[in-house]
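The structure appears below as structure tokens.
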Amino acid sequence: MPFSEDYICQLSSAYQRVNVFGFASTCQLNVMKLENVYITLLKTTLIRPDIRDSFALFSDSDKVRICDLDSMEP
């Protein structure tokens, strides 16, 4: 079975833009340098504090967006 990163690489070759949503996974870290891959981090108090702290690893990129699920209107 291929890794998530492999699948995202295939998608980035086939499409102009690939959006990857998640909770600051290592997969997201590994693919964020691909030219047409954009990351949306899903932030919530339901995930562990150490994972929320890892969002800082993504902060230097203009292709990363943080969506705070706790502050969204229903």
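Derivation of every value follows stated rules applied to the coordinates shown; laboratory data play no part. What you see is a predicted model; the values in this text were computed from it and never measured. Please note: Cβ atoms are built from the backbone with ideal geometry, for glycine as well, and neighbour counts cover all protein chains shown.
Numbers for the structure displayed
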| item | result |
| --- | --- |
| Distance in nm between pseudo-label sites at S59 and S13 (7 Å out along the Cβ direction from Cα) | 3.6 |
| Over segment 4-68, relative contact order from alpha-carbon pairs under 8 Å, at least 6 apart, % | 31 |
| 10 Å-binned pair-distance histogram of the chain (Cα, whole percent) | 19, 50, 27, 5 |
| Size of charge dipole - segment 4-68 - debye, nearest 20, with Cβ of Lys, Arg +1 and Asp, Glu -1, no other charges | 160 |
| Helix-derived mean residue ellipticity, 222 nm - over the chain, DSSP H n ≥ 4, -39500 (n - 2.57), to 500 | -7500 deg cm²/dmol |
| Nonlocal amide H pairs with T40, under 5 Å, H built at 1.01 Å | V20, F21, G22, R65 |
| Helix 4-14 axis, angle to the chain major axis (alpha carbon atoms, nearest 10°) | 60 |
